[in-house]
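Participant: Structure provided below as structure tokens; questions to follow.
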Amino acid sequence: MKLLLKIWRQKDGSSKGKLVDYPIDHIEGDMSFLEMLDVLNQELIEKGDEPVVFDHDCREGICGTCSLMINGEPHGPDRLITTCQLHMRRFNDGDTIVIEPFRATAFPVLKDLMVDRSAFDRIQQAGGYISVNTSGNTVDANAIPIDKHHADESFEAASCIGCGACVAACKNASAMLFTAAKVSQFALLPQGKVEAIDRVQNMVRQMDLEGFGNCTNTGACEVECPKGISLENIARMNREYLMATVKG
Amino acid sequence: MGILDSKVPSGPLADKWTKHKNDIDLVNPANKRNIDIIMVGTGLAGASAAATLAELGYNVKTFCYQDSPRRAHSIAAQGGINAAKNYQGDGDSPYRLFYDTIKGGDYRSREANVYRLAEESVNIIDQCVAQGVPFAREYGGLLDNRSFGGVLVSRTFYAKGQTGQQLLLGAYAAMNRQINRGKITSYTRHEMLDVVLVDGKARGIIARDLITGEIERHAAHAVVIASGGYGNVFYLSTNAMGSNVTAAWRVHKRGAFFANPCFTQIHPTCIPVSGDHQSKLTLMSESLRNDGRIWVPAKAEDAQAIREGKLKPTKIPEADRDYFLERRYPAFGNLVPRDVASRAAKERCDAGFGVNKTGEAVYLDFAAAIQRYGSEKALTSGIKDPDQETITKLGEEVVEAKYGNLFQMYEKIVDENPYKTPMMIYPAVHYTMGGLWVDYNLQTTIPGCFCTGEANFSDHGANRLGASALMQGLADGYFVLPYTIGDYLSDDIRTGPISTESEAFDKAEAEVRANLEKLLNAKGAHPVDYYHKKLGKIMWNKCGMSRNATELKEAIEEISALRADFYENVRIPGGLNEMNTELEKAGRVADFLELGELFAKDALERNESCGGHFREEYQTPEGEALRDDKNFRYVAAWEYKGAPKDAKLHKEDLVFENVELKTRSYK
């Protein structure tokens with residue numbers, strides 16, 4: 001198929017960027033979206049131009065590296081997948097596709113379609129862990145039975161890949177879904193309850209410091225999340241935060 | 001033993017590790033604060049070690065090329081992690097896990113290392129649960145297990161098809177806690193380009209900041225390489241796009257021996273290649289072989305009709321299907337080890353029974369499992385006399401709960417519903433058992449340079465069993481290296497900080513710069529990927545699932561010629577002092593072009609078949625691998641001598657005191 005790509009090009013963080021048109025031909029339905037960009041980049045290099053820079057790594061939807069706003073939607077038009085899992089059969093011959101970076105104050109553009117998401121790391125560093133040293137002498141793993149329902153819910157929350165689609169989808173660029181997923185993973189487990197108060201307070205404080213916006217419950221994050229992280233996690237984090245404020 | 005001293009402690013197998021831990025020197029807590037350690041790579045092996053070393057009090061600097069430590073490719077491991085917990089009461093023990101691993105590796109790994117791995121496996125699960133890793137559980141609240149290939153017990157712990165993700169996020173969380181305490185400094189989007197030796201000891205690295213392009217110097221008292229495997233030498237593999245051999249290879253070029261480079265794992269259940277545009281291959285977890293049955297049509301004309309799109313697999317009656325693994329290996333059936341399953345699939349496809357348009361695919365079928373689970377679910381749900389439709393629906397729900405994410409991944413890539421029509425799979429490069437040679441302390445042949453996880457060679461011999469890579473990464477990082485590195489560092493308590501202002505650093509930085517400039521100055525015609533794909537084709541066709549002397553010799557010549565062409569005709573736009581993704585790739589491909597040749601040389605030198613290394617000249621009449629224990633019961637450790645063809649072979653004899661060497665049989 002033949003396509004017109006409109007791609008955001010930006011030299012670096014301090015330069016201004018713009019959308020540039022790239023017509024492209026001979027794209028097959030079995031190609032992934034990123035393989036389509038590979039084809040474009042090979043053509044650009046052979047012509048002596050600089051390739052389009054975009055983040056990607058595992059190309060199987062789990063590392064959370066790939067991003068991209070594709071026609072205004074994080075990870076493109078399909079639900080519950082990342083950009084690397086999107087295939088060109090989803091598009092039609094003659095389509096125009098607009099490709100932009102994930103945009104948020106807390107995610108500055110580094111080059112072209114690549115953004116800096118280290119704010120997410122700093123939120124995790126503020127409290128996204130259980131303070132247990134490595135020893136080989138912790139209690140036996142089966143000493144604490146955990147009911148399957150809670151264990152499964154905790155797993156669902158923990159399956160967040162930290163891609164930032166929730167932030168890109170939100171009109172306020174809020175990171176509530178991301179932060180809430182980690183808070184929930186631990187809040188749902190007995191091991192996590194010991195530090196629950198400090199954890200939620202520290203993580204929310206860091207989230208605010210990073211310049212993410214407020215949550216106004218529009219739910220766009222849940223819709224666009226490639227891993228289907230539920231809004232219930234935000235409700236749970238709000239409860240945890242309220243409890244922490246009362247108890248703390 | 002020559003210059004290769006494995007430093008395996010004396011004494012009975014089961015006591016070696018405990019004895020060693022009691023014998024080695026410790027560094028007192030106050031002195032640890034004065035010692036710096038560099039960790040290259042933040043996957044399971046790197047992140048777990050970084051966190052543990054920082055907890056102990058060392059100052060740690062971590063380096064990863066990804067934008068966050070959490071994105072290292074351990075994240076993509078699907079099926080699970082083995083541990084000899086014997087929670088299922090099915091007769092498991094550390095000895096049995098040790099034995100399975102030694103046998104699975106076709107008797108080409110070191111007994112003492114493997115026993116230690118089995119011993120520590122139980123601690124990993126305890127540690128991870130304490131960290132809040134949400135493993136799968138049963139309704140009674142206890143941990144669930146499943147089976148993996150090559151074993152007869154259920155010892156695999158898992159978190160759906162995302163076990164690697166959950167374990168890595170656990171180790172990343174442990175790292176984050178230390179970053180927050182200031183004990184770890186995390187350098188992301190940084191690539192290590194050389195190790196710096198001062199007075200013969202590893203004392204730092206040269207790294208490039210991938211955002212600014214700046215070349216940086218970092219000093220430390222010890223350097224740990226935990227940079228993963230080199231499967232991407234084949235271009236197409238299940239590895240991440242960025243996975244590379246560069247850190248390990250640069251260390252090799254400075255004096256660390258590279259062991260068994262030809263030992264590669266070709267994983268049987270991957271989604272087949274669809275076309276020339278393909279950039280990577282996607283694994284379908286081995287756990288699927290718990291429930292999926294592998295088959296091809298028994299009649300060649302049916303296979304041809306399928307390839308031509310004239311026949312659907314669901315229309316082929318049971319009697320006309322060849323469940324070739326169940327036929328050839330009745331004892332282990334679909335759960336034979338990976339090397340055996342891969343070769344059996346290739347054998348059927350080569351014989352003309354492949355089922356996709358390229359002829360390189362076999363079926364992985366869940367229909368029987370869906371019926372079995374559906375009937376069981378109907379019973380436990382109190383549904384009397386369920387009709388076929390109800391059974392299928394219930395069965396599909398059970399299969400979805402077990403493998404939902406994998407089925408979804410398959411459907412997205414192939415555009416077919418695997419609940420309704422069998423999956424198509426084909427072997428693909430997945431893991432590399434070879435790597436930097438290390439002794440029992442995980443130290444390379446460069447003093448002060450250690451290596452953990454997939455990047456080293458030590459635990460999996462010639463073939464790795466499923467669910468043991470995660471086990472090794474975490475055992476090395478949480479429970480082995482933190483002890484053994486202390487023994488080395490105990491001599492460094494009076495050394496004081498290492499300066500980056502020295503001749504050694506000047507020289508290493510100048511060389512790194514010169515190499516990058518050399519790449520940039522080649523104003524040729526072809527992008528880096530052009531060369532990478534060509535290399536991958538040579539590797540897959542001549543050093544892949546089966547090898548022979550003639551083709552290996554050709555591969556050596558072809559790779560050498562391709563390397564020369566690369567330096568002359570590669571085209572890299574952009575400059576050195578800026579973000580330059582093509583330059584990053586070029587550096588990695590340059591190293592693959594050297595490693596690939598050594599790989600072929602190693603495969604040529606090893607005149608036997610063992611595990612994943614199958615030499616066509618050495619097979620039984622039934623087509624099984626024919627090992628030669630008399631002549632090849634050793635680790636091949638290669639010393640760098642300027643060009644891959646000049647590499648010098650050193651042999652570490654493998655001594656088996658506890659297991660009897662047998663022909664590996666899964667029949």
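Participant: Looking only at chain A, where both bridge partners belong to it, what percent of the DSSP beta bridges are antiparallel (to the nearest 5)?
Facilitator: That works out to approximately 75 percent antiparallel.
Participant: Separate question: Using the Cα atoms of region B:245-404 to build a convex hull, what is its mean projected area in square nanometres?
Facilitator: 13.5
Participant: What does a probe at B:Thr358 reach in region B:271-311, counting residues whose amide N is under 11 Å from the point 7 Å along Cα→Cβ?
Facilitator: Answer for region B:271-311: B:271-282.
Participant: While we're looking at this one, here's another question. Starting from the 7 Å offset along Cα-to-Cβ, what nm value, one decimal, do you get for the label separation of B:Thr314 and B:Asp415?
Facilitator: With each label point 7 Å from Cα toward Cβ, the separation is 1.9 nm.
Participant: If every alpha-carbon in region A:66-182 counts as one equal scatterer, what log10 I(q)/I(0) does Debye give at q = 0.19 1/Å?
Facilitator: The Cα Debye sum returns log10 ratios of -1.07.
Participant: Which positions within region A:177-211 get 40 Å² or more of their accessible surface covered by the other protein chains, compared to the chain by itself, with a 1.4 angstrom probe?
Facilitator: SASA drop of 40 Å² or more in region A:177-211: A:Gln191.
Participant: Moving on to the next point. Per 5 Å bin, what percent of the C-alpha pairs of region B:366-474 does each bin hold, from zero upward?
Facilitator: 2, 10, 15, 12, 10, 10, 10, 9, 8, 6, 4, 2, 1, 0, 0
Participant: Okay, next question. If you plug each phi of region A:171-179 into the Karplus form 6.51 cos²θ - 1.76 cosθ + 1.60 with θ = phi - 60°, what whole-Hz ³J(HN,Hα) values come out, in order, with x for Gly and Pro?
Facilitator: 5, 9, 6, 8, 10, 5, 5, 4, 5
Participant: Give me the percent of accessible area attributable to carbon and sulfur for chain A, probe 1.4 angstrom.
Facilitator: 51
Participant: Given +1 on the Cβ of Lys and Arg, -1 on the Cβ of Asp and Glu, and no further charges, what dipole in debye does the protein assembly as shown carry about its Cα centre, rounded to the nearest 20?
Facilitator: For this selection, approximately 780 debye.
Participant: For A:Leu80 and B:Asp199, what does the FRET efficiency come to when R0 = 60 Å and r is the distance between their Cβ atoms, rounded to the nearest 0.05?
Facilitator: Step by step, r from the Cβ atoms, then E = 0.60.
Participant: Which percent of the accessible heavy-atom area of chain B goes to carbon and sulfur, probe 1.4 angstrom?
Facilitator: 48
Participant: Per the Kirkwood definition applied to all pairs of different Cα atoms, how many angstroms is the hydrodynamic radius of region A:3-111?
Facilitator: One decimal place: 14.4 Å for the Kirkwood radius.
Participant: How much accessible area does A:His26 have with a 1.4 Å probe, in Å² rounded to the nearest 10?
Facilitator: Here the accessible area works out near 140 Å².
Participant: Among A:Lys6/A:Lys47; B:Lys346/B:Lys648; A:Lys227/B:Lys420; B:Lys523/B:Lys585; B:Lys160/B:Lys377, which pairs are too far apart, with a Cα-Cα distance over 26 Å?
Facilitator: Pairs exceeding 26 Å: B:Lys346/B:Lys648.
Participant: Find the accessible area per residue for the protein assembly as shown; the probe is 1.4 Å, ligands and nucleic acids are left out, and the unit is Å².
Facilitator: Result: 35 Å² of accessible area for each residue.
Participant: Now for a separate question. What nm distance separates the two modelled labels at A:Ile24 and B:Ile24, each placed 7 Å from Cα along Cα→Cβ?
Facilitator: It works out to 5.0 nm between the two label points.
Participant: Moving on to the next point. What distance in nm separates the two pseudo spin-label positions at B:Arg33 and A:Asp116, each 7 Å out from Cα along the beta-carbon direction?
Facilitator: 3.2
Participant: Accessible surface of B:His73 in the full protein assembly, 1.4 angstrom probe, to the nearest 10 Å²?
Facilitator: In the full protein context, B:His73 sits at about 40 Å².
Participant: Another question, if that's okay. Which FRET efficiency value, to the nearest 0.05, is calculated for B:Ala525 and B:Tyr567 with the Förster distance at 22 angstrom and r the Cβ-Cβ distance?
Facilitator: Taking R0 as 22 Å, the efficiency between B:Ala525 and B:Tyr567 is 0.95.
Participant: Work out, step by step, the length gained on full extension between B:Ala504 and B:Glu376: first 0.36 nm times the residue separation, then minus their alpha carbon distance; give nm to one decimal.
Facilitator: Roughly 39.3 nm would be gained on extension.
Participant: In region B:35-59, which residues have a backbone nitrogen under 17 Å from the label point lying 7 Å from B:Thr495's Cα in the Cα-to-Cβ direction?
Facilitator: Label zone hits: B:35-40, B:53-54, B:57-59.
Participant: Same structure again: Using only Cα atoms, tell me the angle between helix B:388-414 and the longest principal axis of chain B; keep it within 0 to 90° and round to the nearest 10.
Facilitator: Result, in degrees: 30.
Participant: Under the 0.36 nm per residue contour assumption, what length would be gained going from the current alpha-carbon distance of B:Lys253 and B:Lys630 to full extension?
Facilitator: 132.6 nm is the gain from fully extending B:Lys253 to B:Lys630.
Participant: Ratio of region A:136-248's C-alpha Rg to 2.2 N^0.38 Å, to two decimals?
Facilitator: Taking N as the residue count of region A:136-248, the ratio is 1.11.
Participant: Starting at 0 and stepping by 10 Å, how many percent of the alpha carbon pairs of region B:14-99 end up in each bin?
Facilitator: 14, 27, 32, 24, 3
Participant: Rank B:Ser468, B:Ser227 by accessible area, highest first, at a 1.4 Å probe radius?
Facilitator: From most accessible down to least: B:Ser227, B:Ser468.
Participant: Go through region B:615-629 residue by residue and turn each phi into a ³J(HN,Hα) via Karplus (6.51, -1.76, 1.60, θ = phi - 60°); whole Hz please, and just put x for glycine and proline.
Facilitator: Couplings: 9, 4, 5, 10, 8, 7, x, 7, x, 8, 4, 10, 7, 10, 6 Hz.
Participant: State which entries of B:Lys601/B:Lys630; B:Lys16/B:Lys601; B:Lys553/B:Lys630; B:Lys280/B:Lys553; A:Lys16/B:Lys534; A:Lys2/B:Lys533 exceed 32 angstrom in Cα-Cα distance in the structure shown.
Facilitator: From B:Lys601/B:Lys630; B:Lys16/B:Lys601; B:Lys553/B:Lys630; B:Lys280/B:Lys553; A:Lys16/B:Lys534; A:Lys2/B:Lys533, over 32 Å: B:Lys16/B:Lys601; A:Lys16/B:Lys534.
Participant: Now a separate question. Hey, what's the Cα Rg ratio for region B:565-667 versus the globular rule of thumb, 2.2 N^0.38 Å?
Facilitator: Computed over Cα atoms of region B:565-667, the ratio equals 1.54.
Participant: Right, something else. Of B:Ile35, B:Asn260, B:Ala625, which is farthest on the positive side of the dipole of chain B, counting Cα position, with +1 on Lys and Arg Cβ, -1 on Asp and Glu Cβ, and the Cα centre as origin?
Facilitator: The residue sitting farthest along the positive end of the dipole is B:Ile35.
Participant: Hey, another quick one. Using DSSP, restrict attention to beta bridges with both residues in chain B and report what percent are antiparallel, rounded to the nearest 5.
Facilitator: Approximately 70 percent, going by the DSSP bridge assignments.
Participant: Give me D for region B:502-631 in µm² s⁻¹, whole number, from Stokes-Einstein with Rh from the Kirkwood sum over alpha-carbon pairs, 4 °C and 1.567 mPa s.
Facilitator: 78
Participant: Sorted by packing (mean other beta-carbon atoms within 10 Å per residue), highest first, where do A:200-210, B:297-307, B:382-392 land?
Facilitator: With the highest mean Cβ count within 10 Å placed first, the list reads A:200-210, B:297-307, B:382-392.
Participant: Rounded to the nearest 100 Å², what's the accessible area chains A and B bury against each other, both chains counted, probe 1.4 Å?
Facilitator: 6300
Participant: Given 25 °C and 0.890 mPa s, how large is the Stokes-Einstein diffusion coefficient of chain A in µm²/s, with Rh as the Kirkwood radius over Cα pairs?
Facilitator: Calculated translational D: 125 µm²/s.
Participant: What figure in square angstrom, to the nearest 10, would you give for the accessible area of B:Asp15 with a 1.4 Å probe?
Facilitator: Surface accessible to solvent at B:Asp15 totals approximately 80 Å².
Participant: Just the Kirkwood number for the protein assembly as shown, please: inverse of mean 1/r across all distinct Cα pairs, in Å, one decimal.
Facilitator: The answer is 28.0 Å.
Participant: In region B:392-493, what GluC sites (Glu not before Pro) fall in a loop by DSSP, with at most 16 other Cβ atoms inside 10 Å?
Facilitator: Loop-located and lightly packed - B:Glu416.
Participant: Based on Cβ point charges of +1 for Lys and Arg and -1 for Asp and Glu, what charge dipole magnitude is obtained for region B:211-297 about its Cα centre, in debye rounded to the nearest 20?
Facilitator: My answer is approximately 240 debye.
Participant: Where in region B:210-235 is the amide nitrogen less than 19 Å from a point lying 7 Å along the Cα-to-Cβ axis of B:Glu605?
Facilitator: B:230
Participant: Same structure again: Choose one answer from A:Ile197, A:Ile229, A:Ile146: the residue with the largest mean-square fluctuation in a GNM of chain A with alpha-carbon springs under 10 Å.
Facilitator: Evaluated over chain A, the most mobile residue of the options is A:Ile146.
Participant: Provide the packing ranking of A:217-228, A:130-141, B:31-42, B:79-90, i.e. peptides ordered by the mean count of other C-beta atoms within 10 Å per residue, highest first.
Facilitator: Going by the mean number of other Cβ atoms within 10 Å, highest first, we get B:31-42, B:79-90, A:217-228, A:130-141.
Participant: Report, largest value first, the span of the C-alpha coordinates of chain B along each principal axis, in whole Å.
Facilitator: So the three principal-axis extents are 79, 58, 50 Å.
Participant: As a test of the definition: which semi-axes, in Å, follow for region B:418-457 when you take the square root of five times each eigenvalue of its alpha carbon gyration tensor? Largest first, please.
Facilitator: Whole-Å semi-axes of the equivalent ellipsoid: 39, 9, 6.
The values are calculated or read from the model by the stated rules, or taken from the named source; none is laboratory data. The structure presented is a predicted model; accordingly, all values stated were derived computationally and were not measured. Here Cβ is always computed from backbone atoms with ideal geometry, including for glycine, and neighbour counts include all displayed protein chains. For the accessible areas, the whole protein counts, side chains as well, though only heavy atoms, and no ligand, DNA or RNA atoms are used. Shrake-Rupley method; radii C 1.70, N 1.55, O 1.52, S 1.80 Å.
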